[in-house]
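In what follows, a structure is listed as structure tokens, so that the remarks can point back to it.
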Amino acid sequence: MRRIALIPVLLAALVACGGEEQQQAPPPPELGVVTVQPEDLPLRKELVGRLAAFRSADVRARVPGVVQRRVYEEGSDVAEGDVLFVIDPAPLRAAAGEAQAALAQARASQANARATAARARRLAPERFISQSDLDNAQAAERSANAAVQAAQSAVDSANINLGYATVRAPISGRAGKQQVTEGALVGQGAATLLTTVDQVDPLYVNFTMGVAELDEVRRMQLDRSGPVSVQVLLADGVVYDHPGQLDFSGDVVDPQTGAVSLRATLPNPDRRLLPGSYVTLVATLGVQQSVYAVPQAAVQRDAAGAYVLVVGADDMVARKEVVTDRADAGRWIISSGLAAGDRVVVSGLQRAIPGKPAKATPWQPAAAPAAAPGAVPAAAPADAAAPADAGDAADPAEPAAAAPPADEG
């Protein structure tokens, strides 16, 4: 009889336990979100270029002679007009003296012809000389004047050649290795190369961009009101202190490479960069207006394309198809598909179900591995790893919500 009396009590307890299980349904999942707003972001492209001297001048022997000495130090910086080489000036000085003597002789003849012509012009009106003698005297005067001009030009040319015996730097820059030694005979029939001077401040950066990549850039709505800046990355990954600017863009596609040639000017005041070196550069081609930047972990893809999950104003999860233009510093740049104020889900994507409620909390990538302090340094550099860690860390919270019914049972 006692057992029969306990049966209704047990049945009542089971009914009460089932009711509590129905009332304690799991709460909406907690999702890490970022609230996006339209931004104007620069479009940067990482390319490979080669440095070249801003100006390069070949220093050649412009007169024949024997090189007496080299004045400059190889590999040193020289200023425009500095003496680099000295060619034996003796033969050139003798030629200049000979030209000077010829000029003196021409001037003497000019003075004699001038006096003769003046006398003829005084005697001609009184018929003391014939008209023919007057014409001959005046013609001789003009020939003497011409001879003086020719002799003067010869003197100037000889002096110029004598000046060329002292070979000077045509531009300021870094002088290279000498191509001839002292005692070499140069300038015989051709202008012998002596050395080269390269201007290395500023430098040119020559690079190319593929036609397909260039067309993609042109399709974007970019603000190109400012100059295109170029930032060089050194071999150790450090950004070079002095940015450059694009100063040339070719309009012809190279048929061998299928690329367009571009060139930028780069300051090099400390002479740290050397012509001929290959460098990695980041070119800012313009500013992309009214785009959205979201962490890469927030963008998912399926057969239909790229999409993100958002938590609406009614705290319901919804799917939005998006168009991703490019990746930039761990983020996807989205040109369409989002609206200002959208709360994009970044962490907890495994628990986000479109059409179901969710609790949106601000996403903090550094806080994702907070449960394991020792793992913070390893997880911090990877932006894409933070959402996955957050999702994995939050999953155990769901069984905890269902734990009370199990305890009661």
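The values are calculated or read from the model by the stated rules, or taken from the named source; none is laboratory data. Just so it is clear, the model here is predicted, and its values are computed rather than measured. Don't worry about glycine lacking a Cβ; one is built from the backbone with ideal geometry, like all the others, and counts go over all protein chains shown. For the accessible areas, the whole protein counts, side chains as well, though only heavy atoms, and no ligand, DNA or RNA atoms are used. Shrake-Rupley method; radii C 1.70, N 1.55, O 1.52, S 1.80 Å.
Here are a few things to note about the model shown:
- Neighbours of LEU273 by Cβ distance under 14 Å: Lys/Arg scored +1, Asp/Glu scored -1, total -1.
- Residue-normalised accessible area of the range 155-234, given per residue in Å² at a 1.4 Å probe: 50
- Under-5 Å amide H pairs with THR166, H placed in peptide plane, nonlocal only: ILE87
- Put simply, the amide H of GLY187, placed in the peptide plane, has neighbours under 5 Å in THR192, leaving out anything fewer than 5 places away on its chain.
- Farthest positive-ward along the range 272-340 dipole, Cα basis, beta-carbon charges - from VAL308, LEU273, GLY286: LEU273
- Remark: accessible surface ordering of VAL299, VAL211 (largest first) is VAL211, VAL299, probe radius 1.4 Å.
- Euclidean distance of C-alpha centroids, the range 286-314 and the range 28-79, integer Å: 37
- Distance (nanometres) between label positions extended 7 Å along Cα→Cβ at GLU80 and LEU222: 3.5
- Environment charge of VAL260, counting only residues whose C-beta is closer than 14 Å and scoring Lys/Arg +1, Asp/Glu -1: -2
- Distant-in-sequence amide H partners of GLN288 (H built 1.01 Å from N, under 5 Å): LEU41, LEU43, ASP223
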